[in-house]
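The values are calculated or read from the model by the stated rules, or taken from the named source; none is laboratory data. Just so you know, these numbers come straight off a predicted model, no measurement behind them. Ideal geometry is used to build each Cβ from the backbone, glycine not excepted, and the neighbour counts take in all protein chains shown.
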């Protein structure tokens, strides 16, 4: 009887050890199964403009075509969608109509860089450019862009993207520009807006907030 019990104990011990070994192999196998994105740092939200005095990137310095028909105030504080500040932008349609017919502003890095000096940011991993906007009255038509700076210069942007002309309402609304498949390895022109005399029948004022890559 003693010998039989001993054999049973040995058999049970062997089964237990085998079970532990199987669990160990399973855990080891699962540890090696990593998500496809493992080891790749996720893209962190990168602000062009959050508010003042938060850390922002790029400078609203590219006044197009000559700065006469546009103006901006990036410390506007009235009705800023819950932010400490936002951007008031104005397009003088009357001014543009007797000239090129359009005008706008580019946010550049470094300031006033049209591709002649080294600069910009590597935004690889971003999937979209997000921004909030509202018109002063509603009905204002504005096109928004990124990239496309410096073609033919020493340090051009690696890619570009644009929205269609957007008809703004007088309520805050979130918009985005799809960046899927874009080469974002060198971006000087982080953000831009353009108004045209053809799409607007009078001078316009609109507001921007929370401009970021994500």
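Assess whether residue 208 counts as being part of a loop (DSSP other than H, G, I, E, B), under 16 Å from residue 49 (Cα atoms), touching a strand residue (DSSP E or B) at 6+ places or on another chain (Cβ under 6 Å) and assigned by TED's automatic domain parsing to the domain that holds residue 103. Taking the combined requirement at face value, the residue does not satisfy it. Taking the criterion of being surrounded by fewer than 17 Cβ atoms within 10 Å (Cβ to Cβ), part of a strand (DSSP E or B), touching a residue at least 60 places away in the same chain (Cβ under 8 Å) and assigned by TED's automatic domain parsing to the domain that holds residue 53, would at least one residue in the stretch 168-178 satisfy it? Within the stretch 168-178 (the criterion being surrounded by fewer than 17 Cβ atoms within 10 Å (Cβ to Cβ), part of a strand (DSSP E or B), touching a residue at least 60 places away in the same chain (Cβ under 8 Å) and assigned by TED's automatic domain parsing to the domain that holds residue 53), the answer is no, since none of the residues qualifies. The condition of being in contact (Cβ under 8 Å) with a residue 24 or more places away in the chain and at positive phi holds for only one of 181, 148, 190, 195, that being 148.
Screening the stretch 22-57 for residues that are surrounded by 12 or more Cβ atoms within 10 Å (Cβ to Cβ) and closer than 18 Å to residue 125 by Cβ and picking the one that is modelled with the lowest pLDDT gives 43.
With 152, 139, 181 as the choices, which residue is within 20 Å of residue 93 (Cα to Cα) and either assigned to a loop (DSSP other than H, G, I, E, B) or in contact with a helix residue (DSSP H, G or I) (Cβ under 7 Å, 6 or more places away or on another chain) (or both)? After ruling out the rest, the residue left standing is 139. With respect to the conditions (1) farther than 29 Å from residue 122 by Cβ; (2) at pLDDT 50 or above; (3) out of contact with any helix residue (DSSP H, G or I) (no Cβ under 8 Å at 6 or more places or on another chain), residue 69 falls short on a single one, namely (3). Restricting 97, 60 to residues that are modelled with pLDDT of 50 or more, in the same structural domain as residue 162 (by TED's automatic domain parsing), surrounded by 13 or more Cβ atoms within 10 Å (Cβ to Cβ) and out of contact with any strand residue (DSSP E or B) (no Cβ under 7 Å at 6 or more places or on another chain) narrows the list to 97.
Taken over the stretch 77-103, the residue count meeting the criterion of being in a loop (DSSP other than H, G, I, E, B) and touching a residue at least 24 places away in the same chain (Cβ under 8 Å) is 10. Has the stretch 127-134 got at least one residue that is outside any strand (DSSP E or B), crowded, with 17+ Cβ neighbours inside 10 Å and in contact (Cβ under 8 Å) with a residue 12 or more places away in the chain? Checking the stretch 127-134: not a single residue is outside any strand (DSSP E or B), crowded, with 17+ Cβ neighbours inside 10 Å and in contact (Cβ under 8 Å) with a residue 12 or more places away in the chain.
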